[in-house]
1. Scanning for something surrounded by 11 or more Cβ atoms within 10 Å (Cβ to Cβ) and either modelled with pLDDT under 85 or of a type in the set (Asp, Glu) (or both), does region 33-41 turn up at least one residue?
2. Considering (1) closer than 20 Å to TRP14 by Cα; (2) surrounded by fewer than 13 Cβ atoms within 10 Å (Cβ to Cβ), say which one TYR74 fails and leave the rest.
3. I'd like the residue in region 30-59 that is more than 12 Å from the chain's Cα centre (by Cα) and touching a residue at least 40 places away in the same chain (Cβ under 8 Å) and, out of all such residues, is farthest from MET83 (Cα to Cα).
4. Any idea how many residues of region 42-65 are of a type outside the set (Lys, Arg) and modelled with pLDDT under 90?
5. Kindly indicate whether CYS33 is touching a strand residue (DSSP E or B) at 6+ places or on another chain (Cβ under 9 Å) and in a strand (DSSP E or B).
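The values are calculated or read from the model by the stated rules, or taken from the named source; none is laboratory data. It should be emphasised that the depicted structure is a prediction, and the values quoted were computed from it without experimental measurement. Note that we place each Cβ from the backbone using ideal geometry, even for glycine, and neighbour counts take in every protein chain shown.
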Amino acid sequence: MKHVLIALAVVHNWYSGHHDPVTGYECCDNKDCRTISPRYVEPLPGGNFNIRTGPKTRYFIPKNRVLESEDSQYHICTSAPHMTIRCFFAPRGLT
């Protein structure tokens, strides 16, 4: 169990220090950051993205708000209660 908690802390620290390049919001700041499946991410022309967070909910992320992921996965950081996307990370080559 200790290894799982340490691993979660390390993953959480991965987001620390990153800020949305447009809004300036800190990505983590005790908010919910997590990996998002590529099936919920729609790359658009020009480096923009649509993110689906529910059956009828889509968020448009313009290229100037996309951060480079430190791994080969997509990540989002959200804040409650309205599921506002604070930061979006895309794999290298897609940013």
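1. Within region 33-41, not a single residue is surrounded by 11 or more Cβ atoms within 10 Å (Cβ to Cβ) and either modelled with pLDDT under 85 or of a type in the set (Asp, Glu) (or both).
2. So the condition that TYR74 fails would be (2).
3. Filtering region 30-59 for residues that are more than 12 Å from the chain's Cα centre (by Cα) and touching a residue at least 40 places away in the same chain (Cβ under 8 Å), the one farthest from MET83 (Cα to Cα) comes out as GLY47.
4. Total satisfying the criteria: 4.
5. Taking the combined requirement at face value, the residue satisfies it.
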